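Bear in mind these aren't lab numbers, they're just calculated from the coordinates by the rules spelled out. Keep in mind that what you see is a predicted model, and the values were worked out from it rather than measured. Ideal geometry is used to build each Cβ from the backbone, glycine not excepted, and the neighbour counts take in all protein chains shown.
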Amino acid sequence: MRRLLVVSAALLMVVGIPGVASADVIFDQADADELAATLTEAYEAQNVCYGWLITVDNEGVPQESVGSNFGAGTRITQGDCAKSVELQASVSWTPESSESEDSASYTVVSTPGGPTTEDLEDLDLLSEDDLTGDDVDAAVYKAVAALPLLAADAGVASPIEASPAPESEASGAAPTNSPGSDFWRESGMMLLWGALLLLAGAVFAWYAIKTSRRPARRRTIGPVQEQIPDTVPPEWTPAEEAAVDPVAFAAPDPAAEQKSTPSPAAEPPVASPPAARKPEAAPEPPSARPKSTASPAAEPEPAAEPPSAEPAEPAKPDDGNTAEAPPEPPAQPAEPPPGKPDPETRPES
Amino acid sequence: MRTKLLIAGGLGAVGLIVLLFALIGNHSVRGYLDDNYKRVSSNGNSVVYASDQKPTAVYESMRSAVSPADVQTDPEGYFLRYSDDIVGITASGTGSRIYVDDERHGYAHWFPFVAGVWGTGGGLGEGVRGGGPGAGK
């Protein structure tokens with residue numbers, strides 16, 4: 001007997017508890033009741049049933065939010081409706097640990113005809129993102145409250161007229177939370193994009209001008225230094241001269257040779273081949289052998305050269321010539337600056 | 001060089017055009033209403049316009065022309081909040097009536113529909129607009 005009483009009490013509790021059809025998965029109970037009351041007023045004015053059915057997969061737990069002009073928790077199918085418009089939505093909230101994203105979809109079901117899903121979409125009041133977001137209750141509320149307006153526009157119901165309430169009803173009430181600037185809300189993105197495009201154009205123009213003005217640089221590897229060997233082999237012949245002027249090379253002009261003879265100060269000492277050495281009586285100046293006449297075979301014999309005791313020995317073009325040649329005129333001294341006489345031309349005191 | 005400068009000039013020109021459109025565009029809901037609807041009456045900052053279009057068509061036109069900060073709906077009309085104005089669009093015969101008021105008067109005029117949402121003094125609806133269940137990601 002006692003067990004029977006316990007079972008009966010448990011059954012009563014199960015029956016008494018509201019089922020999953022309660023509106024608490026989307027709305028607070030007060031908000032669901034308020035929305036149902038709004039739909040009741042519309043139903044009385046238009047004789048069209050309005051309601052909502054939101055099925056939610058709340059991390060694997062099926063829940064739903066139901067309401068209509070018959071009250072929160074009551075579908076329009078539970079009443080007697082010749083015309084009905086219902087918002088039906090399906091929402092899937094996945095766990096935070098799940099890789100799959102939240103998803104949602106909605107439709108407007110009108111019987112026998114009336115507003116469509118596209119009509120509700122055009123109002124931009126409800127979106128799939130709204131259904132998966134944190135403000136799903138506000139979005140669903142606005143969408144459901146707009147169903148009578150859509151029904152009137154679709155011609156299945158008469159419009160409900162309204163007029164402003166007297167201000168005395170709102171005594172002490174005031175708007176809060178400034179909505180922000182209309183200008184920035186309307187044109188903020190356009191301003192941002194325009195500024196970005198303008199900046200991009202300016203930067204690109206600067207880049208184009210900068211790159212066009214840069215000269216084509218040649219890669220320089222540094223100054224090429226002439227490397228003069230310390231010793232010149234007797235068989236060495238400059239290829240350029242032999243190829244360019246073979247006649248002159250074969251019979252050089254002694255005067256020209258004299259000109260081409262470098263000065264001892266400028267020419268490092270060149271070791272003469274052993275066969276070209278002269279007796280000690282006529283010592284060879286260290287820089288007497290020009291590079292252009294280094295080859296014994298092409299060595300001309302100057303006319304002023306007395307016959308040598310060693311005919312086989314190649315004549316030295318600078319022998320004798322160097323001594324007999326008139327001394328090179330001294331380099332023209334630099335013009336002294338005005339007011340500062342040259343020390344060499346300064347009269348001796 | 002010339003091609004690059006042409007591209008840069010094109011970018012700058014498009015940017016300038018976008019900036020001009022942004023600056024010259026219609027940002028005033030009152031200006032838009034004056035330009036597109038027939039004024040019926042006015043009382044200070046409160047002006048009433050009439051339209052042959054149904055409320056939903058008027059609402060969509062206004063929302064496209066001047067984006068509101070927030071919208072509230074009710075079987076009796078659409079209510080749009082702007083930075084300084086509140087607009088109510090209601091049915092009137094086969095057409096619509098458009099009411100524009102400054103923020104304070106508009107809030108008072110449409111108090112039964114926006115109370116607790118855009119300001120103080122209302123108890124209904126505050127829970128709905130106060131945030132969601134937070135169950136989603």
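Given the structure, is residue B:48 among the β-branched types (Val, Ile, Thr), under 17 Å from residue A:164 (Cβ atoms) and surrounded by fewer than 24 Cβ atoms within 10 Å (Cβ to Cβ)? Criteria met by residue B:48. In region A:164-176, the qualifying residues are those that are more than 7 Å from chain B (Cβ to nearest Cβ) and part of a loop (DSSP other than H, G, I, E, B), and the one that is farthest from residue B:27 (Cα to Cα) is A:171. Taken over region A:99-154, the residue count meeting the criterion of being more than 10 Å from chain B (Cβ to nearest Cβ) and closer than 25 Å to residue A:46 by Cα is 15.
For region A:116-132, state whether one or more residues are over 30 Å from residue B:67 (Cβ atoms) and touching a residue at least 40 places away in the same chain (Cβ under 8 Å). Checking region A:116-132: not a single residue is over 30 Å from residue B:67 (Cβ atoms) and touching a residue at least 40 places away in the same chain (Cβ under 8 Å). Is one or more of the residues making up region A:66-81 polar (S, T, N, Q), assigned to a loop (DSSP other than H, G, I, E, B) and buried (at least 22 other Cβ atoms within 10 Å of the Cβ)? Yes, the conditions are met somewhere in region A:66-81. Taking the stated definitions as given, is residue B:23 surrounded by fewer than 18 Cβ atoms within 10 Å (Cβ to Cβ) and without any contact (Cβ under 8 Å) to a residue 24 or more places away in the chain? For residue B:23, the condition - surrounded by fewer than 18 Cβ atoms within 10 Å (Cβ to Cβ) and without any contact (Cβ under 8 Å) to a residue 24 or more places away in the chain - is met. For region B:101-114, the condition of being in a strand (DSSP E or B) and at the interface with chain A (Cβ under 7 Å from one of its Cβ atoms) holds for none of the residues.
Residues are listed down the side, and each one gets a yes or a no for (1) touching a residue at least 40 places away in the same chain (Cβ under 8 Å); (2) under 13 Å from the mean Cα position of the chain (by Cα); (3) more than 8 Å from chain A (Cβ to nearest Cβ):
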| position | (1), (2), (3) |
| --- | --- |
| B:4 | no, no, no |
| B:16 | no, no, no |
| B:28 | no, yes, no |
| B:49 | yes, no, yes |
| B:88 | no, yes, no |
